[in-house]
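Participant: Can you keep this structure in mind? I'll have questions shortly.
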Amino acid sequence: QFHCSRPQGSTATKISTDDGCWDNDSSVPLGCINHRTQVWWAFDSLNPNAWPAGLDYMRRSGADVVLMQEARVKDGLKKDDAEQTARNAKWSTKILQCEVTAAGRKSAGVAVGCRSFVGLSSVTAVKASQHLHQKGRFLMQKVAAMGKGGVHAGSAYFHDTVGPDAKPNRELRETMAFTITSLKGPWIIGADWNCTPAELQATGWLQKVEGVVCAPRAATCNGRTTSFFVVAASITEAVQSVHVIADAGFHPHSPV
């Protein structure tokens, strides 16, 4: 969970154990809503491995915005039905359909959702470049939160087992950079990067997009931190804290 204050600022203090943190690794429980008393926004990034688990997570989450990877929802009626079930749960959600392999298996698929009273919309610059991205790997929407003009919120899912320097991951970073540098206003991306913050830093991509890593202290998958946020450098002063959510019930991924 990523806590971000409103850009105009508040005098909020860091979350403490008494406010809902678990002091062994600074994890927070899934339903924690203490950020609201601090006038913060909370963004969750998660890899539920399939849409049903992601939808259940949204129903139980205390976050304001959810950035989901591996939703594995097909295009057409399946996607429409999934977005409608999210609306029924009081979440406005945009789902990017997954890829279906030659063997009929569903792969990737990402989603961005926010509380239905917040507001979610498409952005011209994102729509114009969506065809450049690998299918089901990157989606960004405008969330009417955090201040005047809102914030761009994105979800990305990188290829696993091949490393950050593999061609598919290099290409995905390049197309994401094209979209991000076309945006006007602040942005936040939650992703399953399938690499650590240090490995992402070594690629030079953060400098290209003028982004800053915001990662939790605890590991997120198999002893490594591979799920984390990258935010526009212009809003790093608004970042309050980042935490693993330890009681979501996912394996092997822990939401952040």
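Participant: Taking 8 Å as the Cα distance limit and 6 or more residues as the minimum spacing, I'd like the relative contact order of the stretch 104-256 as a percentage. Provide the component values of the computation, followed by the final result.
Facilitator: Details: 260 pairs, mean separation 26.8, N = 153.
Relative contact order comes out at 17 percent.
Participant: Extending each Cα 7 Å along its Cβ direction at GLN201 and SER116, get the distance between those two points in nm, one decimal.
Facilitator: 4.3 nm
Participant: Follow-up. Take the Cα radius of gyration of the stretch 33-118 and divide it by 2.2 N^0.38 Å, with N its residue count; two decimals is plenty.
Facilitator: 1.12
Participant: Specify the residue with the greatest mean-square fluctuation among GLN38, GLN141, GLN207, computed from a Gaussian network of the chain linking alpha-carbon atoms under 10 Å apart.
Facilitator: Of the options given, GLN207 has the highest mean-square fluctuation.
Participant: Taking only protein heavy atoms and a 1.4 Å probe, what accessible area per residue, in Å², does the stretch 103-207 have with all protein chains in place?
Facilitator: Value returned for the stretch 103-207: 42 Å² of accessible area per residue.
Participant: To two decimal places, what compactness ratio does the stretch 129-216 give when its Cα radius of gyration is scaled by 2.2 N^0.38 Å?
Facilitator: Against the compact-globule rule of thumb, the ratio is 1.07.
Participant: With unit charges on the beta carbons (Lys and Arg positive, Asp and Glu negative) and the dipole taken about the Cα centre of the stretch 54-161, which residue among VAL123, VAL73, CYS98 sits farthest to the positive side?
Facilitator: So the residue we want is VAL123.
Participant: Suppose accessible area is computed on protein heavy atoms with a 1.4 Å probe; arrange HIS253, HIS131 from highest to lowest.
Facilitator: Details: HIS253 20, HIS131 140 Å².
Final ranking, largest accessible area leading: HIS131, HIS253.
Participant: To continue, here is another question. At LEU77 and ALA128, where each label point lies 7 Å from the Cα along Cα→Cβ, what is the point-to-point distance in nanometres?
Facilitator: Result for the modelled spin labels: 3.7 nm.
Participant: Which residue fluctuates the most in the chain, going by a Gaussian network model with Cα springs under 10 Å, if the choices are PHE43, PHE117, PHE138?
Facilitator: Per the Cα network of the chain with a 10 Å cutoff, PHE117 tops the list.
Participant: If you build a Gaussian network model of the chain, linking Cα atoms that sit under 10 Å apart, which residue out of VAL162, VAL110, VAL231 swings the most?
Facilitator: With Cα springs under 10 Å in the chain, the top fluctuation among VAL162, VAL110, VAL231 is at VAL162.
Participant: Ok, one more. At 1.4 Å probe size, with the rest of the protein present, what percent of the exposed accessible area of the chain is carbon and sulfur atoms?
Facilitator: After summing per-atom areas, the C and S share lands at 50 percent.
Participant: Between the stretch 59-102 and the stretch 140-176, what is the C-alpha centre distance in whole Å?
Facilitator: 17 Å
Participant: Using a/c under 1.5 as the rounded threshold, could you call the chain rounded, prolate or oblate? The axes a ≥ b ≥ c are square roots of the C-alpha gyration tensor eigenvalues, and prolate needs a/b larger than b/c, oblate otherwise.
Facilitator: Note, shape of the chain comes out rounded.
Participant: If I ignore ligands, DNA and RNA and count only protein heavy atoms, how much of GLU199 is accessible to a 1.4 Å probe, in Å² to the nearest 10?
Facilitator: 70 Å²
Participant: Moving to a separate point now. Please grab the % of Cα pairs in the stretch 178-256 that end up more than 21 Å from each other. Provide the component values of the computation, followed by the final result.
Facilitator: Values: 902 of 3081 pairs.
Result for the distance tail: 29 percent.
Participant: Below 8 Å, C-alpha to C-alpha, sequence gap of six or more: please give me the relative contact order for the chain in percent. Mind showing how you got there, number by number?
Facilitator: Details: 588 pairs, mean separation 55.1, N = 256.
Relative contact order of the chain: 22 percent.
The values are calculated or read from the model by the stated rules, or taken from the named source; none is laboratory data. Here the structure is a predicted model, which means the values were calculated and not measured. Every residue, glycine as well, gets a Cβ built from its backbone with ideal geometry; the counts of neighbours run over all protein chains shown. The protein model used for the area step is the full one, side chains on, heavy atoms only, and it has no ligands, DNA or RNA in it. Shrake-Rupley method; radii C 1.70, N 1.55, O 1.52, S 1.80 Å.
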